[in-house]
1. Taking PHE75 and the conditions (1) touching a Gly at 6+ places or on another chain (Cβ under 7 Å); (2) open to solvent by 40 Å² or more (accessible area, probe 1.4 Å), which numbered condition does it fall short on, given that it satisfies the others?
2. How many residues does region 22-42 contain that are modelled with pLDDT of 95 or more and either farther than 18 Å from GLU67 by Cα or among the β-branched types (Val, Ile, Thr) (or both)?
3. Suppose the filter is under 20 Å from ARG26 (Cβ atoms), of a type outside the set (Asp, Glu) and assigned to a loop (DSSP other than H, G, I, E, B); does GLY102 pass it?
4. Under 7 Å between Cβ atoms, at least 6 apart or on separate chains: pull out the pairs that start in region 1-26 with a residue that is surrounded by 15 or more Cβ atoms within 10 Å (Cβ to Cβ) and end on any residue that is modelled with pLDDT of 95 or more and among the hydroxyl-bearing types (Ser, Thr, Tyr).
5. With respect to GLY70, is the statement that it is without any contact (Cβ under 8 Å) to a residue 12 or more places away in the chain and open to solvent by 50 Å² or more (accessible area, probe 1.4 Å) true?
6. With the requirement that a residue be under 15 Å from the mean Cα position of the chain (by Cα) and either of a type in the set (Ser, Thr, Tyr) or under 20 Å from ASN72 (Cα atoms) (or both), what does region 4-51 give you?
7. When region 27-48 is examined, which residues are found to be touching a helix residue (DSSP H, G or I) at 6+ places or on another chain (Cβ under 6 Å) and either open to solvent by 50 Å² or more (accessible area, probe 1.4 Å) or charged (D, E, K, R) (or both)?
Amino acid sequence: MRLRIDTAGGDAPYEQLRAQIADQVRDGELPVGYKLPTVRGLAADLGLAANTVAKAYRVLETDGVIETRGRNGTFVASAGDAAAHEAALAAAAFAQRAHRLGLNEAAAREAAHEALRAVYGPGA
């Protein structure tokens, strides 16, 4: 696992850590079942506060990227199904909200497309 925190960077350290772990899981560099370091161990290795690592782990767990198995540790989860499920829930919530706001389907699609373009870039 390769992790590097840029303390002069614009993103908070926990967000840098979260993004790097999520990217490595998505790219297959961290396979399903891979055991992650303990919060304290990773914090010491990276020179971060334990709460910073714990926050990143909490967000990753909420996103279905990792799972904590009690005293056994924290592992990369089989996130494909969890990520697809979360995305479907978010899309359904967006569709319901757009409908309540009185947007027609074309306007809702355009709003979603603009939001995706803002996150993924102009090619989205």
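The values are calculated or read from the model by the stated rules, or taken from the named source; none is laboratory data. Keep in mind that this is a model prediction, so the values were computed, not measured. Neighbour counts are summed over all protein chains in view; Cβ atoms, including those assigned to glycine, are modelled from backbone coordinates with ideal geometry. Note: accessible area is taken over every heavy atom of the protein model, side chains too, but ligands, DNA and RNA are not part of it. Shrake-Rupley method; radii C 1.70, N 1.55, O 1.52, S 1.80 Å.
1. (2)
2. 2
3. No: the conditions fail for GLY102.
4. PRO13/THR52; TYR14/THR52
5. The answer is yes for GLY70.
6. Once the filter is applied, which keeps residues that are under 15 Å from the mean Cα position of the chain (by Cα) and either of a type in the set (Ser, Thr, Tyr) or under 20 Å from ASN72 (Cα atoms) (or both), region 4-51 yields TYR14, ILE21, VAL25, LEU30.
7. Hit for region 27-48 is ARG40, nothing else.
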